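Below: one structure, written as structure tokens.
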Amino acid sequence: ADFLAWLKAQAKLRPVFNSPELMAWNMDKKYLADLGDAGVPVVPTLYLHNEAPEQDEDLFKKAFEQWAAPVVLKPAISAGARDTFLLQSREDLTRPLVGANGQFDGDWSGFRQGRSFLLQPFLAEVRDQGEWSCLFFDQVYSHSLLKRPGADSWLVQDELGGSVHWDDPPVEVVEVAKLASESLEKAFVQETSKEFVAPLYTRVDIIPTGKGPLIGEVELIEPELFFLSRSASGKAPYVPAIELFMAGLERRLGS
């Protein structure tokens with residue numbers, strides 16, 4: 001809430017890219033439902049809304065009935081896998097849990113207080129194949145990275161033991177990423193009824209699955225944009241991405 005207030009205050013003083021309205025929409029992972037409604041293939045998700053905690057039990061039951069355990073539990077507003085857990089059953093929430101970036105003390109009502117959460121099936125492919133990050137500047141596709149979890153982990157963040165590999169994704173992954181980028185306007189406008197301003201930068205995170213590539217996140221706030229290429233010889237500026245970014249910035253500033 002403090003960050004959003006600061007962001008809106010900055011917008012009154014100077015240009016802000018991406019737009020504060022678009023970032024506010026992107027802060028709550030409910031935007032995945034909006035993208036799904038716009039025809040984008042996203043990871044199946046059930047939403048435990050803050051306004052209706054009395055529905056939690058039914059949604060947990062539904063999750064474990066339609067998806068094989070484990071099930072992923074994560075806050076709707078979070079970053080860096082904070083307070084994200086794998087649940088083998090609903091009973092896991094009756095005892096303390098420790099995640100890679102957070103811990104749960106066994107008091108679900110207290111942990112839940114004031115927050116919405118998501119339930120998603122655990123996609124084993126993220127452990128076996130990793131997760132692709134596709135980068136767009138001014139909605140033009142630039143490049144991709146493959147992120148892999150560390151040993152005995154399923155989280156791909158490099159600060160949590162994951163690794164980043166500079167590589168070219170399968171064609172179908174890029175196609176789904178482009179569909180997500182192209183569908184942002186429809187999803188955003190349908191949900192907010194606000195004017196859409198095309199983002200200066202977008203990162204689309206995609207998990208390859210047996211049912212095709214599925215989008216886990218679309219990052220529009222403060223994502224790692226991977227301006228450095230990575231090879232056996234080290235890291236170096238990836239000039240095409242920098243040029244795309246700068247061209248988009250210049251268009252917005254009229255220079």
Exercise for the section: Give me the accessible area of Asp92, 1.4 Å probe, in Å² rounded to the nearest 10. Expected result: 10 Å²
Completion exercise
Flagged as over-length at 26 Å C-alpha distance, from Lys30/Lys61; Lys8/Lys178; Lys29/Lys147; Lys12/Lys147; Lys29/Lys61; Lys29/Lys211, the pairs are Lys8/Lys178; Lys12/Lys147
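With the other protein chains left in place, how much accessible area per residue, in square angstrom, belongs to the range 96-255 at a 1.4 angstrom probe?
Numbers: 8010 Å² over 160 residues.
Heavy-atom SASA per residue in the range 96-255 reads 50 Å².
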Practice task
Per DSSP H run of at least 4 residues, take -39500 (n - 2.57); add these up for the chain, divide by its residues and hand me the 222 nm value, nearest 500 deg cm²/dmol.
Solution key: -9500 deg cm²/dmol
Handout entry: Accessible heavy-atom area order of Lys235, Lys186, highest first, probe of 1.4 Å
Key = Lys235, Lys186
Completion exercise
Residues whose modelled amide H sits under 5 Å from the amide H of Leu214, counting only those 5 or more places away in sequence or on another chain, are Ile207, Thr209
Fill in the blank from the handout: Under 5 Å from the placed amide H of Ala81, counting only residues 5+ away or on other chains, we find none
Exercise for the section: Pop out the ³J(HN,Hα) list for the range 235-247 in order, Karplus 6.51 cos²θ - 1.76 cosθ + 1.60 with θ = phi - 60°, rounded to Hz; leave Gly and Pro as x. Expected result: 10, 8, x, 8, 4, x, 5, 4, 5, 4, 4, 5, 5
Handout entry: Full-stretch length increase - Ile221, Leu249 - with 0.36 nm per residue and alpha-carbon distance subtracted
Key = 8.5 nm
Completion exercise
The ³J(HN,Hα) series, computed from each phi in the range 132-143 with the Karplus coefficients 6.51, -1.76 and 1.60 at θ = phi - 60°, rounded to the nearest Hz and given as x for glycine or proline, is 8, 10, 10, 9, 10, 10, 6, 6, 9, 5, 10, 6
Exercise for the section: Determine the dipole magnitude for the range 176-255: charges of +1 sit on the beta-carbon of Lys and Arg, -1 on that of Asp and Glu, nothing else is charged, the reference point is the Cα centre, and the result goes in debye to the nearest 20. Expected result: 220 debye
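With only Lys, Arg, Asp and Glu charged, each at its Cβ (+1 for the first two, -1 for the last two), find how big the charge dipole of the chain is about the Cα centre; round to the nearest 20 debye.
On the way: 25 positive and 38 negative charges, 91 e Å.
Dipole size: approximately 440 debye.
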Problem - Option label - Cα extents along the principal axes in Å computed here, alternatives (1) 52, 40, 35; (2) 57, 45, 30; (3) 76, 49, 34 - result: (2)
Practice task
With everything on Cα atoms, drop me the angle between helix 171-192 and the longest principal axis of the chain, reported from 0 to 90° to the nearest 10.
Solution key: 80 degrees
Exercise for the section: Would you kindly derive the ³J(HN,Hα) couplings of the range 85-90 from the backbone phi angles with the Karplus curve 6.51 cos²θ - 1.76 cosθ + 1.60 (θ = phi - 60°), listing them in order in whole Hz, with x for Gly and Pro? Expected result: 9, 9, 10, 7, 6, 4
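Quick check: residue separation of Ala11 and Lys186 times 0.36 nm, minus the Cα distance between them. What number comes out in nm? Walk me through the numbers before you get to the answer.
Details: separation 175, 0.36 × 175 = 63.00 nm, distance 2.34 nm.
That pair, Ala11 and Lys186, stretches by 60.7 nm at full extension.
The values are calculated or read from the model by the stated rules, or taken from the named source; none is laboratory data. Remember, predicted model here, so these are calculated numbers, not experimental data. Neighbour counts are summed over all protein chains in view; Cβ atoms, including those assigned to glycine, are modelled from backbone coordinates with ideal geometry. For the accessible areas, the whole protein counts, side chains as well, though only heavy atoms, and no ligand, DNA or RNA atoms are used. Shrake-Rupley method; radii C 1.70, N 1.55, O 1.52, S 1.80 Å.
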